[in-house]
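Each remark here refers to the structure printed beneath this line.
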Amino acid sequence: MATLNDSTFREGQSTTRPPFFYGNDYAYWKTRMRIYLQALDYEIWEVVCDGPFMPTFKDEVGDDIPKPSSQWSELEKRKMSLNSKAMNALFCALDKKEFHRVSSCESAQEIWNKLEVVYEGTNQVKESKISRYTRQYELFQMEQNENVYSMYTRFTDIVNTLGALGKTFTNSEKVKKIIRSLPKEWRPKRTAIEEAKDLNTLPLDDLIGSLISYEEDLAAEKGHGEKKKSIALKASKYESDGESEPDDEELAMLARRFRKFFKKTGERRNFRNFKNSREKKEAITCYECKKPGHIRSECPLINKLKKKAMVATWDDSEEESNDEEGSQEVSNLALMAIGGDDDLN
């Protein structure tokens with residue numbers, strides 16, 4: 001959700017209030033303030049440039065002397081108010097610090113000139129700045145890996161700064177400078193423009209639009225070439241391995257085959273283990289009952305006899321009237337049980 005501080009939805013500046021000046025970026029403020037005064041009333045801008053209108057009349061000698069305000073006509077009063085309107089607009093556009101710099105000025109022209117001296121310097125300082133920025137203009141070149149938009153922004157900053165200092169260039173001069181600043185990779189486009197267009201009449205905006213369009217075409221061709229190169233590298237890799245690149249269907253089929261293979265392998269392994277264990281078990285023969293399938297310690301006959309022997313041994317309440325044959329049988333069973341325990345150990 002967009003907020004009030006989101007620059008994408010930020011409101012534009014007011015058309016009824018003058019652009020405010022905080023003491024920095026004077027060239028930007030100066031251009032905007034000039035347009036604001038001209039839009040307010042072009043006569044107000046003339047007052048800033050030429051000075052305030054002063055009603056006069058000629059004396060007996062023929063010299064111009066100020067006319068008393070009581071003798072001003074309606075037209076003269078309106079012209080005199082233009083200076084006050086210009087001063088009010090300038091004062092409203094300055095913060096407190098800048099206001100104190102020009103608060104003693106008597107006309108809008110004086111305010112304007114004083115601000116120029118403070119932030120642009122005297123004529124000597126201006127000439128030094130003009131010389132420095134002119135050198136930047138003459139050496140201007142499009143940098144490597146720089147797009148047309150960024151190049152044009154840098155160029156505009158230099159040209160606008162020189163324009164604020166009083167040095168301007170014609171459209172033809174700017175067009176030719178942009179053409180000369182293009183790198184060698186743009187030589188085909190440069191040649192095509194010079195042959196197809198008249199650089200003396202070609203608008204700068206049309207030139208920049210043509211360069212941006214050509215730049216987009218180059219980027220598209222470069223991306224397409226890189227894609228084809230990547231595909232070729234993949235194809236050569238598979239060809240060098242003696243294999244073709246598998247598609248999705250082949251990969252799915254291989255996966256199904258592997259799953260079936262591992263499933264069958266697991267079933268066979270379990271069956272073999274079960275079969276081997278069963279064969280081993282069936283190969284065993286009990287030494288007691290001589291039957292296959294179990295060992296002597298697991299023999300059901302021994303377990304049965306062992307239980308009877310234990311019962312006979314622990315049962316002290318049995319009658320002693322048993323005959324000798326029964327006692328002998330119990331003793332034999334006990335000995336057999338003891339012998340089975342020894343075998344287990």
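The values are calculated or read from the model by the stated rules, or taken from the named source; none is laboratory data. Computed from a prediction, not measured in an experiment: that's the story for all the values here. No Cβ is skipped: glycine too gets one built from the backbone with ideal geometry, and neighbour counts run over all protein chains shown.
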Worksheet item: Quick one: which of 131, 107 is modelled with pLDDT of 90 or more and surrounded by 14 or more Cβ atoms within 10 Å (Cβ to Cβ)?
Response: 107
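At pLDDT 90 or above and exposed (fewer than 14 other Cβ atoms within 10 Å of the Cβ): does that describe residue 35? Steps first, please.
On the way: at pLDDT 90 or above: yes; exposed (fewer than 14 other Cβ atoms within 10 Å of the Cβ): yes.
For residue 35, the condition - at pLDDT 90 or above and exposed (fewer than 14 other Cβ atoms within 10 Å of the Cβ) - is met.
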Item to complete: With the condition kept exactly as written, say whether any residue in segment 167-184 is more than 30 Å from residue 69 (Cβ to Cβ), buried (at least 16 other Cβ atoms within 10 Å of the Cβ), among the acidic types (Asp, Glu) and modelled with pLDDT of 90 or more.
Response: no
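Any residue that is closer than 30 Å to residue 28 by Cβ and assigned by TED's automatic domain parsing to the domain that holds residue 28 - is there at least one of those in segment 70-80? Lay out the reasoning, then the answer.
We begin by selecting, within segment 70-80, every residue closer than 30 Å to residue 28 by Cβ; these are none.
No, segment 70-80 has no match at all.
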Worksheet entry | Filtered residue count, segment 84-108, keeping only those that are under 19 Å from residue 34 (Cβ atoms), more than 47 Å from the chain's Cα centre (by Cα) and part of a loop (DSSP other than H, G, I, E, B) | 2
Worksheet item: Does residue 111 fit the bill of being out of contact with any Ser or Thr (no Cβ under 8 Å at 6 or more places or on another chain), over 23 Å from residue 50 (Cα atoms), of a type in the set (A, V, I, L, M) and part of a helix (DSSP H, G or I)?
Response: no
Discussion item. I'd like to verify a number: residues in segment 143-179 that are touching a residue at least 40 places away in the same chain (Cβ under 8 Å) and at positive phi, how many?
Written reply: 1
Worksheet entry | Residue check for residue 155: under 27 Å from residue 38 (Cβ atoms) and touching a helix residue (DSSP H, G or I) at 6+ places or on another chain (Cβ under 8 Å) | yes
Item to complete: Residues being closer than 16 Å to residue 84 by Cα and either touching a Phe, Trp or Tyr at 6+ places or on another chain (Cβ under 7 Å) or not assigned by TED's automatic domain parsing to the domain that holds residue 108 (or both): count how many of those fall in segment 48-69.
Response: 2
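Would you be able to tell me the number of residues in segment 138-187 that are closer than 29 Å to residue 219 by Cβ and assigned to a helix (DSSP H, G or I)? Explain how you work it out, then say what you get.
Residues of segment 138-187 closer than 29 Å to residue 219 by Cβ: 139-160, 171, 174-187.
Cutting the leftovers down to assigned to a helix (DSSP H, G or I) gives us 148-160, 171, 174-180, 184-187.
Residues in segment 138-187 being closer than 29 Å to residue 219 by Cβ and assigned to a helix (DSSP H, G or I): 25 in total.
For residue 81, indicate whether it is under 20 Å from residue 41 (Cα atoms), assigned to a helix (DSSP H, G or I) and of a type in the set (Ser, Thr, Tyr).
Numbers: under 20 Å from residue 41 (Cα atoms): yes; assigned to a helix (DSSP H, G or I): yes; of a type in the set (Ser, Thr, Tyr): yes.
It is true that residue 81 is under 20 Å from residue 41 (Cα atoms), assigned to a helix (DSSP H, G or I) and of a type in the set (Ser, Thr, Tyr).
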Worksheet item: When only residues in segment 59-101 that are surrounded by 13 or more Cβ atoms within 10 Å (Cβ to Cβ) and in contact with a strand residue (DSSP E or B) (Cβ under 7 Å, 6 or more places away or on another chain) count, which is nearest to residue 16 (Cα to Cα)?
Response: 93
